[in-house]
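Undergrad: Structure incoming, see below.
The values are calculated or read from the model by the stated rules, or taken from the named source; none is laboratory data. Quantities reported herein were computed from a predicted structural model and do not represent experimental measurements. FYI the Cβ positions are ideal-geometry reconstructions off the backbone, even for glycines, and counts take in every protein chain you see. Note: accessible area is taken over every heavy atom of the protein model, side chains too, but ligands, DNA and RNA are not part of it. Shrake-Rupley method; radii C 1.70, N 1.55, O 1.52, S 1.80 Å.
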Amino acid sequence: NGLFGQVNYRQIYMEHEYKFYPKDYFIDSWGIALQGNLQFNYEGVKREQYVMPQVYFTLKGQTNLTINYILVNDERFGGIWFDKINRVIINLNARPMKELSFYANGQIGNFIYRSSKPKMGNGYNFYAGFTVRPSSQINLSFDYSRANLSSKATDKLFYDGNIYRIVGIYQFSSEMFVRVITQYNSFDKSFNLYP
């Protein structure tokens, strides 16, 4: 029906969380969590399994920091079973004032090189940016992404590149706005403009 990105699976998912509310000037709350997932298709073939511990902090200034480690991460892709796709994920969001917000996400470790001949790779993804709202009608976002992946077996480089993006929105009314996306992609050395 268009809602789900994957079909033909049965899934067991669990998440457990323990949260703390310290009497601290800097930290509003923090917690530890554990997520687990097990997925099979309807023929009984295992598609994916993972276990991910997490620690997170809610700080002053509407700032959130989350650190995850994918302790167990195994997946079937392209008919091949990949195991030990472990990596660290760090996510930071902050909104010190209503006119300004920052965000960053980084992942480092093992990834599947998702191609017609998939392989296990080692690398990182990084994404960061900020949004400025000088008025209730204007919204400007400046984003930077970087990705790098090499073969775990041979060190052959699969890809390495950046994407720079600026998104500008002007809201004429609650029913009408104009948006312009400008992007430079160093993977294919393309410049794109999407009004």
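Undergrad: Out of all the residues in the range 113-128, which are in a strand (DSSP E or B) and either open to solvent by 80 Å² or more (accessible area, probe 1.4 Å) or acidic (Asp, Glu) (or both)?
TA: Correct list: Lys119, Phe126, Tyr127.
Undergrad: Just name the residue that is farthest from Gln137 (Cα to Cα) out of those in the range 69-80 that are at pLDDT 95 or above and open to solvent by 60 Å² or more (accessible area, probe 1.4 Å).
TA: Checking each candidate, the answer is Leu71.
Undergrad: Thr131 is checked against (1) more than 20 Å from Gln54 (Cα to Cα); (2) open to solvent by 60 Å² or more (accessible area, probe 1.4 Å); (3) in contact (Cβ under 8 Å) with a residue 24 or more places away in the chain; (4) among the hydroxyl-bearing types (Ser, Thr, Tyr) and fails just one. What number does that condition carry?
TA: It fails just one condition, (2).
Undergrad: Confirm whether Gly31 is of a type in the set (Gly, Ala, Ser), under 22 Å from Phe111 (Cβ atoms) and open to solvent by less than 40 Å² (accessible area, probe 1.4 Å).
TA: Judged against the criteria, Gly31 is not a match.
Residues checked against (1) under 19 Å from the mean Cα position of the chain (by Cα); (2) more than 25 Å from Gln35 (Cβ to Cβ); (3) not hydroxyl-bearing (Ser, Thr, Tyr):
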{"site": "Asn91", "(1), (2), (3)": "yes, no, yes"}
{"site": "Ile112", "(1), (2), (3)": "yes, no, yes"}
{"site": "Ser136", "(1), (2), (3)": "no, yes, no"}
{"site": "Tyr170", "(1), (2), (3)": "no, yes, no"}
{"site": "Met176", "(1), (2), (3)": "no, yes, yes"}
{"site": "Tyr194", "(1), (2), (3)": "no, yes, no"}
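Undergrad: Let me ask you something else. Of the numbered conditions (1) open to solvent by 30 Å² or more (accessible area, probe 1.4 Å); (2) not in a loop (DSSP other than H, G, I, E, B), Asn110 fails exactly one; give the number of that condition.
TA: Condition (1) is where Asn110 drops out.
Undergrad: Tell me, yes or no, whether the range 7-28 has at least one residue that is surrounded by 13 or more Cβ atoms within 10 Å (Cβ to Cβ) and not in a loop (DSSP other than H, G, I, E, B).
TA: Checked the range 7-28: at least one residue is surrounded by 13 or more Cβ atoms within 10 Å (Cβ to Cβ) and not in a loop (DSSP other than H, G, I, E, B).
Undergrad: Restricting attention to the range 25-76, report how many residues are charged (D, E, K, R) and under 26 Å from Leu100 (Cβ atoms).
TA: Residues flagged as charged (D, E, K, R) and under 26 Å from Leu100 (Cβ atoms) within the range 25-76 amount to 2.
Undergrad: Filter the range 88-105 down to the residues that are surrounded by fewer than 16 Cβ atoms within 10 Å (Cβ to Cβ) and either in contact with a His (Cβ under 6 Å, 6 or more places away or on another chain) or not hydrophobic (A, V, I, L, M, F, W, C) (or both), then identify the one that is nearest to Tyr127 (Cα to Cα).
TA: Per the criteria, the residue is Asn93.
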